[in-house]
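Asks: One structure coming up, written as structure tokens, with questions to follow.
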Amino acid sequence: MTARSTNLDTALHLAMDHIPQGVAVFDSALKLTFSNHRYNSMLSLPPALTEAGVPLEDIVLFLAKRGDFGPGDAKTRAQDRIALLTSQPQTVTQRMTSFGQTMEFYTARLPEGGMVISFSDVTARISAEQQYEQINQTLEKRVEDRTAALKQVNLELEKARHKADAANHDKTRFLAAASHDLLQPLNAARLYTSTLIERAKTTDFAELANSIEASLTAVEDIMSALLDISRIDSGALHLAPTQLAAQDILKKIEVEFAPMARERSISLRIVKTKATVLADRSIVGRIVQNLVSNAIKYTPVGGKVLVGLRRRGNRWRIDVIDTGIGFNKDQFKLVFAEFSRLEKGARMAQGLGLGLSIVQRLVTAADLTLELDSKEGRGSRFSIYLPVARPLRGTISLKRETPEATIGVLNLKVLCVDNERDIIEAMEGLLTNWGCEVRSALSLKQIDKEGLLEGWYPDLVLMDYHLDQTSGLDAIEWLRHNLGGHLPAALVTADRSPQVRAIAEERGIAVVTKPVKPAALRATISNLGNQRSH
């Protein structure tokens, strides 16, 4: 061996003694040829086992007897360990020493058949990994616990929501049933009162009759407002936008409010239009009704109210303009607040201050735009914007129809069907006073049993919707089938749902809402009579 190779071996040994891993090299006979200081000290080997030429088997047997490989027969444990280290070209194993350290061993077979063994103390790393795993498990447990808690909270919230929804639906059903029961006697009272007003025009009882009528109207307004709010808040209001002629809405406004305007000596002008809009007929109709009602209510005697449409880009704007009391801009929010009324308005008319609140709720529910412009003492303009729709097929007649037939007798044969005897009697009195020949029944069964239609063909039928054994819509179809031809008909109902109105319109049946407004009823009867005559 040359001096140079000797120096190189010495330098290599010094270098191996300064690395943190223990390293040992064995020849093809698995006898020790070299081990560094770290190897000897970490394994705590006696000097005799660190000498060159010591068999690997002696070193492993020493460690086995010391208990480094666990309990059991030392020779068997030693043989198993050697078999593991020599079974593959490379191995990586971990074991705990008798001193409580965790060692990680790496073995590699050399080309000439020898073997290199290196190892390092990974106690700190294993401890850190165990702590990290424990932290992960703790975090996972906390996440699981928190997730379970959130699921429970969500479950409770869902139960509460379902309970609230059920309560809302129950409230809506109750109000619908209660409103029907309440509107029935109110309807009869209004019909009786209308007959009383007509008969008491030239007597001392005229003022008393008008006062009763005003009180009944106030009750109806309050009930209608409460029902509207209930439907909106409970989510029972379902949008059904359709292509419709705006003139249809305006005609109904004229029929309903012309008498009210005339009584207050207010000029109500409805501007005819050919506009076709995309809107929910029921909701838009209700919005315009409330706006026109407010306009008339808060316009002084001799004032004017104008209702019409203007084209604004790709939208139609429905305007309700009045020359009423008006208000300042700083009062705009106040007029839409529930149960809020301006002092001047409260002195002019009775009410709860719900009309404009309902308008705002309906506008929001239908995703419409509401615009307001007003000046105190000069009047107001309320406007809503509706999308333009394609013109409907056919022409829209703009011929002016008389909103109410107040002159002369109607001279029509009218069949009235209602399961409330009081309403039948009140309707008979009112229609007879208008010059109609009236036959009435509580049910279809009574019509058939008493032969009311034998030799007598009605010009039109006024049918209640809620009959005892069938619906008014089906009852009208039965009459049309048995009488033959087209029988003009109106459904008189306290049910204000869009579904009922839609079915009625599909079947060509007019709808009169209870409590019946005599002027609107008379206009409907007159129109139906005209259909019969044509």
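Nothing in this text is a laboratory measurement; each read-out follows from the coordinates by a stated rule. As the structure is a prediction and not an experimental result, all values here were calculated from the model. Cβ atoms come from the backbone with ideal geometry, glycine included; neighbour counts cover every protein chain shown.
Asks: Under unit Cβ charges (Lys, Arg +1; Asp, Glu -1), what dipole magnitude, rounded to 20 debye, does the range 407-450 have relative to its Cα centre? All intermediate terms of the calculation are to be shown ahead of the outcome.
Replies: Working: 5 positive and 8 negative charges, 32 e Å.
The dipole magnitude comes to about 160 debye.
Asks: Just check the range 452-523 against the gyration tensor rule for me: Cα atoms, a ≥ b ≥ c as the square roots of the eigenvalues, rounded for a/c under 1.5, and otherwise prolate or oblate depending on whether a/b exceeds b/c.
Replies: Values: a/c = 1.73, a/b = 1.38, b/c = 1.26.
Verdict is prolate for the range 452-523.
Asks: Say R0 is 60 Å: what FRET efficiency, to the nearest 0.05, do Q360 and N482 get from their beta-carbon distance? Don't jump to the answer; show the numbers that get you there.
Replies: Values: r = 48 Å, r/R0 = 0.80.
That gives a FRET efficiency of 0.80.
Asks: Under a Cβ-only charge scheme (Lys and Arg +1, Asp and Glu -1), can you give me the dipole magnitude of the range 3-121 about the Cα centre, in debye to the nearest 20? Let's see the in-between values first.
Replies: Details: 10 positive and 12 negative charges, 27 e Å.
The calculated dipole for the range 3-121 is roughly 140 debye.
Asks: Continuing with this model, one more query. Multiply the residue gap between A108 and D330 by 0.36 nm, knock off their C-alpha separation, and tell me the result in nm, one decimal place.
Replies: 70.9 nm
Asks: Working out 0.36 nm times the residue gap between E420 and K75, then minus their Cα-Cα distance, what length gain in nm do you get to one decimal?
Replies: Numbers: separation 345, 0.36 × 345 = 124.20 nm, distance 10.86 nm.
Result: 113.3 nm gained on full extension.
Asks: Would you calculate the separation in nanometres between label points at R262 and D248, each defined as 7 Å from the Cα along the Cα-to-beta-carbon direction?
Replies: Going from the R262 label point to the D248 one covers 2.6 nm.
Asks: Based on the Cβ-Cβ distance from N433 to K274, what FRET efficiency comes out when R0 is 45 Å, to the nearest 0.05?
Replies: On the way: r = 38 Å, r/R0 = 0.85.
After rounding, the FRET efficiency stands at 0.75.
Asks: May I ask you to list the residues of the range 306-323 whose amide nitrogen lies under 17 Å from a point 7 Å from Cα along the Cα→beta-carbon direction of T369?
Replies: 309-320
Asks: A167 to R390: FRET efficiency via 1/(1 + (r/R0)^6), r the Cβ-Cβ distance, R0 45 Å, to the nearest 0.05? Walk me through the numbers on the way to the answer.
Replies: Numbers: r = 43 Å, r/R0 = 0.95.
My answer for the efficiency is 0.60.
Asks: Further question on the same structure: State the extension gain, in nm to one decimal, for the chain segment bounded by Q90 and S28, taking 0.36 nm per residue of separation less the distance between their alpha-carbons.
Replies: Details: separation 62, 0.36 × 62 = 22.32 nm, distance 1.54 nm.
That works out to 20.8 nm of additional length.
Asks: Quick one: if you stick a label point 7 Å off each Cα along the C-beta vector at A128 and V116, how many nm between them?
Replies: 2.5 nm
Asks: A further question follows. Does the range 414-493 come out rounded, prolate or oblate by the C-alpha gyration tensor, with a ≥ b ≥ c the root eigenvalues, rounded set by a/c under 1.5 and, if not, prolate when a/b is larger than b/c and oblate if not? Intermediate results must be reported in sequence, preceding the final value.
Replies: Values: a/c = 1.43, a/b = 1.13, b/c = 1.26.
Taking the square roots of the gyration eigenvalues as a ≥ b ≥ c, the range 414-493 is rounded.
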